[in-house]
Amino acid sequence: MADSQKRLSHIPSTDTLDTTGKERDVGLAQDNQTGGTANCKPDCEGCSSCQDEGLEGGKYEEDSLFAWLVVLAGCVQAMITLGASRAHGVYQEYYVIDEFSGVPTTTISWIGSVQNTMLNLCGVAVGVLSQFCDSRVMCAAGSCAMGLAFILASFSTQVWQLVLTQGAMFGAAASFPYILGVTVPLQWIRKRRGLALAVVYMGSGVGGMWVSILTRTCIDTLGRSWSHRILGCIMIVLGMGLSPLVIARKPRARPTRIFDFSVVREWRFLFIAAASFFAMGPNTIPYILMPTYAADVLHAPGRLGSSLVTIINVSGIFGRFVAGVLSDSLGPVNMLMVWTFLAAYSQLGIWLPFPNVPASIASAALFGVTGSSIVGMILNALSHQYGVTRITYISGMIYMTYSFASLAVVQTTSLMLDTVGHGVDYTWPIVYTGLLLVISLVILIVFRLKLSRKLALFV
């Protein structure tokens, strides 16, 4: 009887569905707070910590210097993949205003939409292949392919060609170093996972900042084609150079099934996936709309649009660090609720009612701190709920929800801007973005109460 009671206090494995019992809710919070190993039997495989014990670490240990080198490698991979994607607003501004000025915004938006869709949709393939293939080889191959995609984009002269190269090819290739770069470090860090994820995702902020500046500088001085070639070469050199450090810790037993969808039936996964869908769908909207908003609505002189993207990325560096530290102290789900609320406020409380330069800067800064940190905290929440033994595979399915959300939201927002806003009224696109974040917040609140009604617990 005592052993049964102990097992009730652990998180169920990914092959088990259990939605009842207050004992499990309290045990979930205790496992997340203490690591879940203090009272475990040697053969326990129920809690997330015991699942993590099933990983082969080789000659390196968790939380060691080498573990933080893996985190650093993941940071650089996020810098050249997600950072380049975050800087797409600079290209969007150039395409809309200069190169394809007569083409509807909706058509041009397909470049960024397809890019983000493929970046996340291919997460399932990355998750499946990671169970059988060497993560270092996968990372190097993806880095080479995404650099070649940008080089091919430099020779593209039509929108559909850019959709195929800068959009589909880059997104699919970047998915490998990106997803491996943010999930593999979780297998090496146990005590400060929130901080480790913060360091990794800070790379996307740093990358978005310098890639935005480099892209604008290259376009102004050398032309759009050379900006693509230069960035493509940088991606190949940095990505392939650091791929040897992206070493995954393999489970002692290989999975028996290539595709295991049992986790999809769990209420915890469904709640996280739903919150991710509504939060990550609008995540790229400010990056894409703010550059053209500065030109169409604010009529701001100079390159304020590019500067707003830079502000989002710079503030995102600070936001990710704060979110990581606080997640380790207060819990990733608790912080997700706070950050999602502030991200929604940046859209509905600042950007929408105040169409001026100071408000746009404030909105960009607040969204950079909060909105850009959401994806990292979602991944952290997954690691606390399921452990890290199969984190790449499970997170790959979550990233799949991002892909559909990104495609639907970006295209819907662009359609709103072209039809309702006639290309110059951004009211409804901003409202739409903010309301999606509000829906995500409601889902997170229900999820948090279902985990435990004790609000002071680490969850």
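The values are calculated or read from the model by the stated rules, or taken from the named source; none is laboratory data. On a predicted model such as this, the values are computed, not experimentally measured, just so you know. No Cβ is skipped: glycine too gets one built from the backbone with ideal geometry, and neighbour counts run over all protein chains shown.
Some notes on this structure:
- Restricting attention to segment 225-266, the residues that are more than 30 Å from ILE97 (Cα to Cα), out of contact with any Pro (no Cβ under 6 Å at 6 or more places or on another chain) and either at pLDDT 90 or above or not in a helix (DSSP H, G or I) (or both) add up to 25.
- Within this structure, PHE155 fails the test of being closer than 28 Å to LEU308 by Cβ and touching a helix residue (DSSP H, G or I) at 6+ places or on another chain (Cβ under 8 Å).
- Neighbours by Cβ (under 7 Å, 6+ apart or cross-chain): first from segment 425-450, in contact (Cβ under 8 Å) with a residue 12 or more places away in the chain and more than 9 Å from GLN347 (Cβ to Cβ); second among the small types (Gly, Ala, Ser) and not in a helix (DSSP H, G or I): THR427/GLY421; TRP428/GLY421; PRO429/GLY421
- Odd one out for ILE445, checked against (1) more than 26 Å from ALA78 (Cβ to Cβ); (2) assigned to a loop (DSSP other than H, G, I, E, B): (2)
- Any hit, segment 157-170, residues being in a helix (DSSP H, G or I) and touching a Pro at 6+ places or on another chain (Cβ under 6 Å): no
- Filtered by the rule that a residue be within 16 Å of the chain's Cα centre (by Cα) and polar (S, T, N, Q), segment 381-411 gives SER383, THR392, SER395, THR401, SER403, SER406.
- Among (1) surrounded by fewer than 24 Cβ atoms within 10 Å (Cβ to Cβ); (2) at pLDDT below 90, the one test that THR117 misses: (1)
- Unmet criterion (only one of (1) assigned to a helix (DSSP H, G or I); (2) more than 18 Å from the chain's Cα centre (by Cα)) for THR117: (2)
- Condition met for SER360 (of a type in the set (Gly, Ala, Ser) and closer than 26 Å to ASN334 by Cα): no
- Pairs linking a residue in segment 201-227 that is farther than 12 Å from VAL314 by Cα to a residue that is aliphatic (A, V, I, L, M) and surrounded by fewer than 21 Cβ atoms within 10 Å (Cβ to Cβ), with Cβ atoms under 8 Å and 6 or more positions apart or on different chains, are LEU214/ILE230; CYS218/ILE230; LEU222/ILE230; SER227/LEU214.
- All positions within segment 357-377 that are among the aliphatic types (A, V, I, L, M) and within 8 Å of the chain's Cα centre (by Cα): ILE374, VAL375
- Segment 131-165 - residue that is in contact with a Leu (Cβ under 9 Å, 6 or more places away or on another chain) and farther than 21 Å from LEU238 by Cα and, of those, surrounded by the fewest Cβ atoms within 10 Å (Cβ to Cβ): GLN161
- Verdict on GLY324 being over 17 Å from the mean Cα position of the chain (by Cα) and part of a helix (DSSP H, G or I): no
- Positions within segment 175-224 being part of a loop (DSSP other than H, G, I, E, B) and either over 16 Å from PHE66 (Cα atoms) or under 18 Å from the mean Cα position of the chain (by Cα) (or both), in sequence order: LEU222, GLY223
- Among the residues of segment 405-424, the one identified as of a type outside the set (S, T, N, Q), without any contact (Cβ under 8 Å) to a residue 40 or more places away in the chain and in a helix (DSSP H, G or I) is MET416.
- Residue selection: VAL375 satisfies the criterion of being crowded, with 21+ Cβ neighbours inside 10 Å and either outside any helix (DSSP H, G or I) or not aromatic (Phe, Trp, Tyr) (or both).
- One residue from TYR386, TYR402 being surrounded by 24 or more Cβ atoms within 10 Å (Cβ to Cβ), within 18 Å of THR284 (Cβ to Cβ) and touching a residue at least 40 places away in the same chain (Cβ under 8 Å): TYR402
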